[in-house]
């Protein structure tokens, strides 16, 4: 097939850097304009110094206008503002990595309808979509831990989630809680029970189990590491260990990036990859699901490429055969 011409807006941030890293080695992609209002004209590797020697591309001030797909790697609220200001051709697909179009009430915008881009939930709809709302990083890890239970109608009691994320989850802009001197040897909670990803999680679960009548009690933690999400998700369940494991294996049988592990999982298994590893165990009356992902890859840019592959009829693993670094 011919190359997919890709444009990126918001090119200097963390998610754009990961996206460029992946797409440079994607055999069916031609990287076009990488737009950055703060870095226009400068070499891409000045903002993303892991790309020194990998590319001689420079940041652009605007899109070329002939892109097949545009990735919006902008801060929350800025994607909507960008599309209001820049009228993209109807034929151009949009994959948005912000939270601007994730909720059902926000998915119709101008002449576009955004499909929620969790492939393990909406694969067929993604393949037929014009535009994609890429899921949030916490939302991805938590939903993948709960979707099999929702499909089976087994979410009948409150769900409790403790999940910790690396500093890159806060984006590239400096703030007190991302400084090394604050983050090192430190852990803290933020947005307890009110995190913005709860809305999209609830909508996805209701898609599989309508009239859901349970609460998700979510405590997010800031971790003293740079990347990765480790989520402990638990709820009372009548399923046995064997029944639960079989349920999860069956649900993810055709999901190339989500694996149910026999052993307990840890973050280094998924770093720099598009994988989600799940471990399911029954302890007393509680079913505990542990979910680990890389917040910048499966939680953002890798999943965005997975969605692009589905949009253009490619195997969803194309360009995403990435290996974790254990040592």
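The values are calculated or read from the model by the stated rules, or taken from the named source; none is laboratory data. Here the structure is a predicted model, which means the values were calculated and not measured. Every residue, glycine as well, gets a Cβ built from its backbone with ideal geometry; the counts of neighbours run over all protein chains shown.
For residue 135, only one of the following conditions fails: (1) within 15 Å of residue 70 (Cα to Cα); (2) modelled with pLDDT of 95 or more. What is its number?
It is condition (1) that residue 135 fails.
Taking the stretch 95-121, which residues are out of contact with any helix residue (DSSP H, G or I) (no Cβ under 6 Å at 6 or more places or on another chain) and within 15 Å of residue 78 (Cβ to Cβ)?
Correct list: 99, 101, 106, 109.
Six or more apart or on different chains, Cβ under 8 Å: which pairs go from a residue in the stretch 35-61 that's in the same structural domain as residue 13 (by TED's automatic domain parsing) to one that's assigned to a loop (DSSP other than H, G, I, E, B) and exposed (fewer than 11 other Cβ atoms within 10 Å of the Cβ)? Could you list them?
Pairs that qualify, where the first residue is in the same structural domain as residue 13 (by TED's automatic domain parsing) and the partner is assigned to a loop (DSSP other than H, G, I, E, B) and exposed (fewer than 11 other Cβ atoms within 10 Å of the Cβ), are 43/56; 45/53; 58/41; 59/41; 61/41.
Here are the criteria: (1) touching a residue at least 60 places away in the same chain (Cβ under 8 Å); (2) in a loop (DSSP other than H, G, I, E, B). Tell me which single one residue 98 does not satisfy.
(1) is the only condition that residue 98 fails.
Could you say whether any residue in the stretch 208-215 is buried (at least 19 other Cβ atoms within 10 Å of the Cβ) and in contact with a strand residue (DSSP E or B) (Cβ under 7 Å, 6 or more places away or on another chain)?
Within the stretch 208-215, not a single residue is buried (at least 19 other Cβ atoms within 10 Å of the Cβ) and in contact with a strand residue (DSSP E or B) (Cβ under 7 Å, 6 or more places away or on another chain).
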